[in-house]
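Some notes on the structure that comes next.
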Protein chains: 2
Amino acid sequence: MDEKTARKLAFIFEADKLKGINRRNRLLNENRAENTAEHSWHSILMAMAFAEEAPAGTDMLKVLKMIALHDIVEIYAGDTFFYDEKAYVGKFERESEAIEKITNLLPDAEKEEFKSLWFEFENQQTTESVFANAVDQLMPVLLNAENNGLSWTENGVTAEQVRKKMKVIEKASPVLKEVFDSAIQKAIEKKLLQ
Amino acid sequence: MDEKTARKLAFIFEADKLKGINRRNRLLNENRAENTAEHSWHSILMAMAFAEEAPAGTDMLKVLKMIALHDIVEIYAGDTFFYDEKAYVGKFERESEAIEKITNLLPDAEKEEFKSLWFEFENQQTTESVFANAVDQLMPVLLNAENNGLSWTENGVTAEQVRKKMKVIEKASPVLKEVFDSAIQKAIEKKLLQ
């Protein structure tokens, strides 16, 4: 096996650790925390189901790749709770180091491609990254509004906080915004959001 | 929210159940069974890392979509252990019914697209489906050869059985075949395969 192949395998084996990173939100059908690998798959499926809502010309391959990769930094940087302002301090720096560390396992071409996708996702300056971020942020809101919203109630999250953090959904698509508003409405009625 | 959007959400919520379907193989870093949602994400990442090994002109968007979708039938049909010949009887029929059932939740356009991707994956007649199948089949072999291979030792699986079932890897790419052979060799040395 050549070095390039061995490096790709090292990356794949390291990535396995994402299955052990737990998020705050629970699953719909089981009372356990969702892990980040599952969340990444579910978000890819959501992007596929709502692909027609992405602006014409959106490169969906790039969208799916970004979603598959965006949370891989959590292997080293951990999952940062979305509404914890204090934990957010230094998040970008910690995660930038983490993407450097994990992509260093890869051969040069894949390293550059994956790093570039990760920074594009983070910067939210392209159609693809806006759509990918919107789907990623919408997923836990949808799950929380359907189940008992524990990650909100346990942490005293308000509807205002959720709305404020999720401007990218409005930017991405009117339909995703409608889905978001409807989930927030449901959560308020169920008293899951203060 | 229009009916089309509501149907897509119903599909996304139903798909959450895949996180509760456990496979035989364990994770690399934790002694628990891998669930099918995690496996789907990890296989997508593998396809991305080895994309250059797919034949020129391979539609990688289709490959990633197929991998994201191919196991969703397990929500109703369960995970069929790859080396259990008895359990394989009627597998295609059970899973065909399952893909019908879950995609029935979707609007017509997405229903047809997702069903068609699923059957294309199953039939292994296109470049994209051969590559997607190869990655999907390679993943548990890689994990087993690296960890303690419990899903093989518990079930008395032989190297011959693994090689016989995995012809699609050779068809997909010489490099993936090399990765496969090297994992099998490692597993034999570690006495994980009879």
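Observations
- Residues (over 27 Å from B:Trp152 (Cβ atoms) and of a type in the set (A, V, I, L, M)) located in region B:49-62: B:Ala51, B:Ala54, B:Ala56, B:Met60, B:Leu61
- Those residues of region B:176-190 which are of a type outside the set (Asp, Glu) and in a helix (DSSP H, G or I), in sequence order: B:Leu176, B:Lys177, B:Val179, B:Phe180, B:Ser182, B:Ala183, B:Ile184, B:Gln185, B:Lys186, B:Ala187, B:Ile188
- Search result, residues across region B:11-46 that are more than 24 Å from B:Tyr76 (Cβ to Cβ) and surrounded by 23 or more Cβ atoms within 10 Å (Cβ to Cβ): B:Leu45, B:Met46
- Helices (runs of 4 or more DSSP H) (entirely within region A:77-129) containing at least 2 residues that are open to solvent by 60 Å² or more (accessible area, probe 1.4 Å) and within 13 Å of chain B (Cβ to nearest Cβ): A:108-123
- Residues that are within 7 Å of chain B (Cβ to nearest Cβ) and out of contact with any strand residue (DSSP E or B) (no Cβ under 7 Å at 6 or more places or on another chain), drawn from region A:21-37: A:Leu28, A:Asn29, A:Glu30, A:Ala37
- Index of the failed condition, B:Ala56 passing every other in (1) outside any loop (DSSP other than H, G, I, E, B); (2) over 17 Å from B:Pro140 (Cβ atoms): (1)
- Yes/no for A:Ile75 being touching a residue at least 60 places away in the same chain (Cβ under 8 Å) and over 30 Å from A:Leu193 (Cβ atoms): yes
- Condition check for B:Asp136: within 14 Å of chain A (Cβ to nearest Cβ), over 22 Å from A:Phe11 (Cβ atoms) and open to solvent by 10 Å² or more (accessible area, probe 1.4 Å): no
- Residue in region B:154-175 that is within 12 Å of another protein chain (Cβ to nearest Cβ) and either part of a helix (DSSP H, G or I) or open to solvent by 20 Å² or more (accessible area, probe 1.4 Å) (or both) present: yes
- Note on region B:47-73: among residues that are more than 7 Å from chain A (Cβ to nearest Cβ) and open to solvent by less than 10 Å² (accessible area, probe 1.4 Å), the one that is nearest to B:Val130 (Cα to Cα) is B:Val63.
The values are calculated or read from the model by the stated rules, or taken from the named source; none is laboratory data. Values in this document were obtained by computation on a predicted structure and should not be read as measured data. When we count neighbours, we look across all protein chains shown, and the Cβ atoms used for this are built from the backbone with ideal geometry, even at glycine. The protein model used for the area step is the full one, side chains on, heavy atoms only, and it has no ligands, DNA or RNA in it. Shrake-Rupley method; radii C 1.70, N 1.55, O 1.52, S 1.80 Å.
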